[in-house]
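What follows is one structure encoded as C-alpha cells, with my remarks underneath.
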Amino acid sequence: GDISVMGTIFVDNLEPQSGTSLTLGASGDTLQAASGVTNNLSKVAQIVQGQNATAIGTTSTSDFDIVTASITPTATSSSIIIIGNVMGIENGTGSVNTRLDLKLKRDDTQIMSSGANWWSYDTTVRRSGGFAINFKDDPSSTSSITYKIVGGWLDLGGQTCDVNKDGNSGSSTITLLEVLA
C-alpha cells in the first residue's frame, strides 16, 4: 500500500523490488535537491550527430568540409565533447609524401588540428578509415554553434585525393555531447 509522510525520511539506500523500477515523483512533479547536493544523474544535456557518406575528391590543397553538426548549448557553463571519425581516406599516386591535416572548427574558428597525422610515404595508393578526433570545448555560449571536421591535403603531386572514397568506406561522423557543469 501507499505510505504518506509529512516530514523528512532518512535512508542510506533506496532499492526497487527485484524486477521493478524505482519511481520518484509523478508526471508534473518537480524533484528538487537541496543546495550543495551534487547531481550526477543528468550531466549529458543533449547529443547531436552529423554524418556524411558523400565522396570528396580534390586535387587542391584548400581546406574542405567533411562533416558538420550544430548544437545550441543550454548553459554558458556547459562543455561540448566532440567525437569525430573520418572514413575512406585515400591518397593519389603523384607524391611520395601525401599528407592529410584534419582540423576541428567551431563555426569558422579552428580549435584543433591533427598536424597532418595521416600520410602516405610513397606513390602506392593507400586507403584507410577510422581516423578519430576527440576534443573538449568550452564555448561559453547559448547560441547555436556549428562544429565541423575540415580536411586539408598537403603534397598532392597533382593527383586526386579522397575522403569518403566510395560506398565501401562508410560514413564520416561527428557527435556532439553537451555536458553540464
Practice prompt. Please work out, to two decimal places, the log10 of the ratio I(q)/I(0) at q = 0.16 Å⁻¹ from a Debye calculation in which every Cα of the chain carries one identical scatterer.
Written response: -0.95
Fill in: chymotrypsin sites (Phe, Trp or Tyr not before Pro) within the stretch 115-181, DSSP loop, no more than 16 other Cβ atoms inside 10 Å
TYR121
Fill in: C-alpha center-to-center spacing [the stretch 48-103, the stretch 109-181] in angstrom
3
Worksheet, complete the sentence: Mean shadow area (nm²) of the C-alpha convex hull around the stretch 83-181 is 6.9
Worksheet item: If you take the alpha carbon radius of gyration of the stretch 39-125 and divide it by 2.2 N^0.38 Å, what ratio comes out, to two decimals?
Response: 1.41
Fill in: Estimated translational D of the stretch 92-141 in µm²/s (Stokes, Kirkwood radius over Cα pairs; 20 °C; 1.002 mPa s)
167
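Values in this text are rule-based calculations from the coordinates and carry no lab data. Values in this document were obtained by computation on a predicted structure and should not be read as measured data. Quick reminder, even Gly has a Cβ in these numbers, built from the backbone with ideal geometry, and neighbours come from all protein chains shown.
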